[in-house]
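Throughout, read-outs are computed from the coordinates displayed, never taken from laboratory work. Owing to the predicted nature of the structure, the values given are computational and were not obtained by experimental measurement. Cβ placement follows ideal geometry from the backbone for every residue including glycine, while neighbour counts extend to all protein chains displayed.
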Amino acid sequence: MPVRRRSLYHRRRFEALESRRLLVAEGEAFMLSRSVDTAGLVGAISSTVQWGDGSTSAGVVSDSDATGPLRVVFDYSLDTSGFFADGSRRQVLQAAADSLVSRFTDDLSAIQPSGSNTWSPAIYHPRTQAQYVLPSSLSIPANQILIYVGARNLPGNQVGEGAGGYYTTAQGSQAWLDTVRSRGEAGALLSAPTDIGPWGGSLAFDEPRDWYFGLDADGMGSGQNDFFSVAVHELAHVLGFGVVYPGSTTSSWERLVQGNQFIGPQSRAEYGGNVPLASGSHWQNGLQSDGRETAMDPSLTTGQRKLLTPLDLAAMDDIGWSVSDTRATVAAQHTYGDDGSYPLVVTLTGSRGGEFSYQDIVAISNATPQVTAAADQLVVVGQPLAINDVVTISDAGFRVLTTSPPTAETFAVTIAWGDGTPDETRSATIDQHGNANRPTLASLDATHTYAQLGTYTVRVTVRDDDGGQASDTFRIEVTAPPQLTLQLDRSAIDEDAGGGAATLTVTRTGPTQTTAQTLSLSSSDPGEASLVASAVIPAGQRSVSVPVAAVDDTLLDGPQSVALSASGNGLETAAIDLIVRDVESLAATFNVAQTIEDAAAGALALTVRRSNTDLDEAVAVTLSGGDATQLLVPTTIQIPAGQAAVSVPVEVLDDAAAEPPRSLTYTVAAAGYQGSSATIDVLDDEPPYFQNLLDIYDVDNNQRVEPYDLLVIINRLNRAGSVDLDPQDGLLDGKYVDVSGDYLLSPLDANLLNNELNRRKRL
């Protein structure tokens, strides 16, 4: 295999993925699911995805673990120069072989000479290039391919040489001979073979070359020859690729070559037509498959690794190998925070060797921000309206700090207040930075003052940094300034009613406020009616009630009109009138509670007192009631100026007639005063008329006190009940029934007499 040199080299090949644009916006999950060809990779296959925004994640590779039964065994006994003394070189060689034969699902029969079944296997010595006959006892286990390796100084630019094993003679049964030729692959026995069943061969590598022995191509120098790539190429030749037998014998490869083209059906399907050849045993130089240079073209660029491609394996399929499906699916998920066009790189890596990448462009569209305007508002004309969260914003996009330069979500908010004032544009505040699991949240507070009454529609428009735009509206009702209205639960109170004489309710008109309103309260005459100096209308309410206290000023001033007023910030003062009724009064008292008809002159007096403390004027008082036959009381008296009271003598009249006690009531009155009355009992100084003076218990006056006397009283009570006794009516049937002497026939009289009977009975 000759070496091709270039001034530029690449250690990783990038291939275009199948173009498949998904309608995905920022903030939505972008689901990557790609079918890729894993030809050339050996071992467990993993993937990483570079999303183009500075982030990388692992992909999930599925349907990639089909491995055939074949195994290449290398024999190093002919490596006389010690080229493979370093075990790491053997490791790379084995990985190169496995990258090829692990894709084959053939079952190769064992070659086990015995008895008359003999053979003389031979190879081209890797050190000398001479024919080298192996022991005739050589056995090849089933599904094993034995390859002898070594190194020598190859001519010119040739870096490696692979040759299939053969045999010089074979004897025995036909079945044995068929096994030696085909290893159970019947198509290999045809005159125009359709299959191949090799037992092994030899590999020779150019010993003086600057080789790169590594499973990871990243450490390869620009002038080094990649051992892995050369090994894969030469192994494919050992296994039949490009093999042309001399003479009339035809190989399974040779039968599919027409001129400078290969016409194998699998290769044609993969390539899309006949495959051009550089010579009878290689693809055309630089031929591409699945976006990669084929492993089986005739040259290799230093500093570069070439892996098997789908076209290389298709040719192996055409010459008789049963090739497993090398397609696999790479799945991954990513959420882009911002719109744009992102270069996607999917890298596939074999755990034991091989790595290549696919590229694509992912187009992410911008997500329109979700906009919610404030609720409808009420405001007083001329007063600033401060709105918290005039707009709230939710956007699926989010800042991305891993890109260069980093991106950030920003929102320009334009508010059209609807009143003809210029639109206002400001930047929203980011309240929550979003990520793949949550949106970006933003908001804006705003203040505006309306100069005219009316109802206005406010439009809030949000435009994000990528041109996404959304709007929402709300209404603002602008009302006249609020006023205070006052209401009393009664229009008049008495000055002596005390605290809580009335209740004042202050109501604020207009929209209900979200903040408390402090009011100043006052009375035009605190000496008549008073109230607290301030009150608060709570937030969310329209009114507050406070008690009004009546104040007794002890002045004779008549009814007074008191103005109660309330005021507050931004509110006009309101007032209401309350009538405070004057309750000055007169008090009349006798100097004793009772008097007797024969009382001495001057023993009885009546005093009249006024309650007010302003005594500048005299008061004319009229007296009424009583009984002029019992007491001589003046009908008018005067309380002089400067005096609170006046006393007048009352004459008691003695009429010498028996009569019951009299309770006399006299009423005093004066203009502007509440009147009052005084009562006195007048007692008769004559003996009780209905009482037996000789023995108060002798009711029937027979000089004896006996039960009959009690019976007389009880009978009278039973007939008429208690009755007042009037001397003018005379004795009741001549009986002295008033034992108590109080001019009242009552159970008391019966009780007194009964007690007396009991007392006398004990004597």
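Over the chain, what is the relative contact order in percent, taking alpha-carbon pairs closer than 8 angstrom and at least six residues apart?
Rounded, it is 10 percent for the chain.
Mean 1/r over all different Cα pairs, inverted: what Kirkwood radius does the range 308-428 give, in Å?
Result for the range 308-428 stands at 20.7 Å.
What ³J(HN,Hα) values, in whole Hz, does the Karplus curve 6.51 cos²θ - 1.76 cosθ + 1.60 give for the range 288-301 when θ = phi - 60°, with x put for Gly and Pro?
Using θ = phi - 60°, the values come out as 9, 9, 6, x, 10, 5, 5, 6, 9, 7, x, 9, 9, 7 Hz.
What does the convex hull of the Cα atoms of the range 586-683 come to per residue, in Å³, rounded to a whole number?
80
Could you work out the local net charge near Ser81, counting Lys and Arg as +1, Asp and Glu as -1, over the other residues with Cβ closer than 11 Å to its Cβ?
0
Using +1 at the Cβ of each Lys and Arg and -1 at the Cβ of each Asp and Glu in the chain, identify which of Val92, Leu564, Gly510 lies farthest towards the dipole's positive end.
Val92
Of the listed values [x] 139, 38, 19; [y] 57, 35, 25; [z] 49, 34, 24, identify the label whose number matches semi-axes √(5λ) of the Cα gyration tensor in Å calculated from this model.
Comparing each candidate, only [x] matches the computed number.
How large is the charge dipole for the range 304-382, taken about the Cα centre, if only the Cβ atoms of Lys, Arg (+1) and Asp, Glu (-1) carry charge, to the nearest 20 debye?
My answer is approximately 280 debye.
Send over the semi-axes of the range 707-762's equivalent ellipsoid, whole angstrom and largest first, taken as the square roots of 5 times the C-alpha gyration tensor eigenvalues.
One finds semi-axes of 20, 11, 10 Å for the range 707-762.
Quick one: check the C-alpha center-to-center distance for the range 728-762 versus the range 446-476, whole angstrom.
103
Residue-wise, which Karplus ³J(HN,Hα) couplings in Hz belong to the range 621-633, taking 6.51 cos²θ - 1.76 cosθ + 1.60, θ = phi - 60°, and x for glycine or proline?
Couplings: 10, 9, 10, 9, x, x, 8, 5, 7, 10, 10, 9, 10 Hz.
Taking the Cβ of Thr515 as the center, what net charge do the other residues with Cβ under 15 Å away carry, scoring Lys and Arg +1 and Asp and Glu -1? Can you show the working numbers first?
Details: positive: Arg508, Arg542; negative: none.
So the surrounding residues net to +2.
Rounded, prolate or oblate: which fits the range 55-139 when a ≥ b ≥ c are the square roots of the eigenvalues of the alpha-carbon gyration tensor, with rounded for a/c under 1.5 and prolate only if a/b beats b/c?
It is oblate, given that a/c is not under 1.5 and a/b is not larger than b/c.
Where does each of Ser139, Ser611, Ser491 land when they are ranked from fewest to most other beta-carbon atoms within 10 angstrom? Display every interim value, and only then the final one.
Numbers: Ser139 13, Ser611 18, Ser491 10.
Arranged by neighbour count, lowest to highest, Ser139, Ser611, Ser491 become Ser491, Ser139, Ser611.
Could you please report the charge total around Leu441, scoring K, R as +1 and D, E as -1 over all other residues with beta-carbon less than 14 angstrom from its beta-carbon?
-3
Once you keep just the Cα pairs under 8 angstrom separated by 6 or more residues, what percentage relative contact order results for the range 71-318?
18
Please report Leu488, Leu313 as a ranked list, fewest other C-beta atoms within 10 angstrom at the top and most at the bottom.
Ranked by crowding around the Cβ, least crowded first: Leu488, Leu313.
Using the Karplus equation 6.51 cos²θ - 1.76 cosθ + 1.60 (θ = phi - 60°), what ³J(HN,Hα) coupling, rounded to whole Hz, does each residue of the range 545-559 give in order, writing x for Gly and Pro?
10, 9, x, 10, 9, 7, 10, 7, 8, 6, 10, 8, 10, x, x
Placing unit charges on C-beta atoms (Lys and Arg positive, Asp and Glu negative, everything else neutral), compute the dipole magnitude of the range 586-683 about its Cα centre in debye, rounded to 20.
Around 340 debye, computed over the range 586-683.
Neighbouring Cβ atoms within 10 Å as the yardstick, rank Asp557, Asp339, Asp318 fewest first.
Details: Asp557 16, Asp339 22, Asp318 26.
So the residues, fewest neighbours to most, are Asp557, Asp339, Asp318.
Going by a ≥ b ≥ c, the root eigenvalues of the Cα gyration tensor, does the range 497-639 fall in the rounded group (a/c under 1.5), the prolate group (a/b larger than b/c) or the oblate group?
prolate
Just how far, in whole angstrom, is the range 190-254 from the range 47-97 if you go by their alpha carbon centroids?
16
Remind me, relative contact order of the range 707-762 in percent, using alpha carbon pairs under 8 angstrom and six or more residues apart?
Here the relative contact order equals 41 percent.
Considering amide H positions built from the backbone, and no H for Pro or chain starts, which residues 5 or more places from Ile493, or on another chain, come under 5 Å of its amide H?
Amide H neighbours of Ile493, under 5 Å, 5+ apart: Ile579, Val580, Arg581.
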